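The structure appears below as C-alpha cells.
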Amino acid sequence: MPIIKSAKKAARQAEKRTAHNQEIKKTIKAALKAFKANPTPENLSKAQSEYDKAVKKDLMKKNTASRRKAALAKYAKAAKPAPVKAEKATKTKSSSTKTTTKKTAATA
C-alpha cells in the first residue's frame, strides 16, 4: 500500500482508469460478437466505430485499430451471399416465348 499522499491518489486514479478501459474493451467485444453473429453493414459500422472510439481515448494504437477494421471488412465481404442466377433463367424464358409467337404467326 502506498504511504505517500500523492502515491495514494495515483493508485486511486489507476483503479478508475483501469475500470474505464475495461468498459471500453467490453463494448468492443460486444460489438464484435454482434457483428460475427450477424455480419450486416450496420453491425460492421458499429464495430468499426468502437475501434475508432478506443483510438480516440488512447486505449489502442491507430494502426492496430486500422488493421482490425480491415479484417472486419474482409470478413463482411466474404460473408455476403453469392449473387442469384435467376436473371439468366428469366432471359431464356423470354426468348423462348418470342420464338413460339413467331412460329404461330408464320403458320397462320
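What does the highest-first list of 13-19, 44-50, 34-40 look like by mean Cβ count within 10 Å?
Answer by packing, highest mean first, reads 44-50, 34-40, 13-19.
Take residue 75 and residue 18, extend 7 Å from each Cα along the Cα→Cβ direction, and tell me the distance between the two endpoints in nm.
2.8
Determine, from the Cβ-Cβ distance of residue 3 and residue 57 and an R0 of 30 Å, the FRET efficiency 1/(1 + (r/R0)^6), rounded to the nearest 0.05.
0.45
Bear in mind that the values in this text are calculations on the coordinates, not laboratory data. Owing to the predicted nature of the structure, the values given are computational and were not obtained by experimental measurement. Methodologically, a virtual Cβ is constructed for each residue, glycine included, from the backbone with ideal geometry; neighbour enumeration extends over all protein chains shown.
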